[in-house]
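*Asks:* The structure's right below; bear with me while I get my questions together.
Only the coordinates and a few stated rules stand behind these numbers; no lab work does. These figures come from a predicted structure and were not determined experimentally. Please note: Cβ atoms are built from the backbone with ideal geometry, for glycine as well, and neighbour counts cover all protein chains shown.
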Amino acid sequence: MNTYKIAVLPGDGIGPEITDEVVKILKRTSEKFAFGIELNYGRIGGAAIDAVGIPLEEETIALCQKSDAIFLGAVGHHKYNDLPLSIRPETGLLQIRKALGVFANIRPGMILTPLKSYSPLKSEIIGEKLDVCIVRELTGGIYFGEHRMAEDEKSAYDKMMYSEAEIERIAHTAFKIAMQRDKRLTSVDKANVLASSRLWRKTVEMVAKQYPEVKLDHLYVDNAAMQLVINPRQFDVILTSNMFGDILSDEMSVITGSIGVLASASLDADQKGLYEPIHGSAPDIAGMGIANPIASILSIAMMMRFTFNRSDVADAVENAVDVVLGEGYRTKDICKEGDRLITTSEMGNRICDAI
Ligand SMILES: NC(=O)C1=CN([C@@H]2O[C@H](COP(=O)(O)OP(=O)(O)OC[C@H]3O[C@@H](n4cnc5c(N)ncnc54)[C@H](O)[C@@H]3O)[C@@H](O)[C@H]2O)C=CC1
Ligand SMILES: CC(C)CC(=O)C(=O)O
Ligand SMILES: [Mg+2]
């Protein structure tokens, strides 16, 4: 029997609540599909700051490195806002991504069928189906450049830098994904203003020569943000840098109904991955039992598909989510009149039962 070694990093805010539901799903799938799981917990973000004064310990990095895959809830809370950048919870997240080399962040922007009417966009804009895949570069760019505040605190800068090699590898990831989909790729940059974006565009065009079947186009990020709302179906795969992908994927989450349902996989060159919902720690709803665990549960489906090659398990989890939503059960973020409002934990239980 295969045993999957999974590191579990709950983090802060709603992180521990949604992680509890993920663990239920892992246990249920391991019983149903007869594989072993070894879960090992680690600290990150505020949880690590409270315990040891820094947001990411060597011990957590080592735990992740010796695991087959990692699930991460979310990090951050305003109580850490006054800490220096270098020891904020979010820095722990950036550090673990870098330490694991998970440069390719795949964020599917899909409308789950039972949630079609939850999109704020008109039904004729959404059409029959919306399925966009955002491929975001995750370990470079402005989040990893030097951040400096002048001594008088009257000026500050953040350096945005990309190397050709960094752009090349994420472009290959995006083209390969496009080849398995509708073979359309939109690269999003700000090449009319930024030097790093000019290099981005040039490199993407160079990589494109190896994928002649893929239709490539380019958009500036401001226009891309607008086009996503005007006509999201024009997109198949969107390839973009770290910060632009961060912003566009939150926009995408609104189009698909709620940030509580969008999953993500962050992969290294060997498909080893860190799996996390796209949302943050949502301190405004932490501890209330109302957080939507679906984004995290669907991240486990991605883990099964990408790291463990278990499409059967991934399909079962995705299908169970569809069944429960199809029955009208909703957490607060996606609950309208006539729906059956349930808690975070009830949602996890129902999805488990439907697997
Ligand atoms: N991957 C991560 O760990 C991320 C961490 N953050 C951190 O999280 C903290 C809060 O950041 P925000 O900007 O408020 O973004 P956020 O994504 O945590 O929350 C934005 C809004 O969405 C709601 N929301 C988020 N997840 C939800 C869920 N599963 N179910 C229902 N509603 C949900 C929240 O209640 C809030 O109203 C900050 O410290 C931020 O730095 C933000 C984004 C990603
Ligand atoms: C710390 C942030 C870069 C996290 C975030 O917003 C994200 O990865 O979506
Ligand atoms: Mg984000």
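*Asks:* Could you sort the peptides 141-151, 340-350 by per-residue average Cβ neighbour count (10 Å cutoff), highest mean leading?
*Replies:* 340-350, 141-151
*Asks:* Using θ = phi - 60° and the Karplus form 6.51 cos²θ - 1.76 cosθ + 1.60, what ³J(HN,Hα) does each residue of the range 284-292 get, whole Hz, x for Gly and Pro?
*Replies:* 5, 10, 4, x, 9, x, 10, 5, 7
*Asks:* Follow-up. Run through the DSSP bridge list for the chain and note the antiparallel percent, rounded to the nearest 5.
*Replies:* 35 percent
*Asks:* Just to be sure I understand the model, the point goes 7 Å from the Cα along the line to the Cβ. What's the resulting Tyr220 to Ala195 distance in nm?
*Replies:* 2.0 nm
*Asks:* If you don't mind, another one. Where a Cα-Cα gap under 16 Å defines reach, which lysines qualify for Lys129, not counting those fewer than 8 residues away within the same chain?
*Replies:* Lys116
*Asks:* Something else now. Return a whole-number percent for the relative contact order of the chain, with Cα pairs under 8 Å and 6 or more residues apart as the contact set.
*Replies:* 21 percent
*Asks:* Give a residue-ordered list of calculated ³J(HN,Hα) values for the range 238-251 (Karplus: 6.51 cos²θ - 1.76 cosθ + 1.60, θ = phi - 60°; whole Hz; x for Gly, Pro).
*Replies:* Along the range 238-251, the couplings run 10, 10, 7, 7, 4, 6, 5, x, 4, 6, 5, 6, 5, 4 Hz.
*Asks:* List the lysines whose Cα lies under 28 Å from the Cα of Lys79, skipping any in the same chain that are fewer than 8 positions away.
*Replies:* Partners within reach: Lys98, Lys154, Lys159, Lys332.
*Asks:* In addition: Sort the following peptides by mean Cβ neighbour count (other Cβ atoms within 10 Å, averaged over residues), highest first: 292-302, 278-288, 236-246.
*Replies:* 292-302, 236-246, 278-288
*Asks:* Turning to a different aspect of this structure: Which ³J(HN,Hα) values in Hz, rounded to whole numbers, follow from the phi angles of the range 81-92 under the Karplus curve 6.51 cos²θ - 1.76 cosθ + 1.60, where θ = phi - 60° and Gly and Pro get x?
*Replies:* Working through the residues one at a time gives 4, 8, 5, x, 3, 5, 10, 6, x, 5, 5, x Hz.
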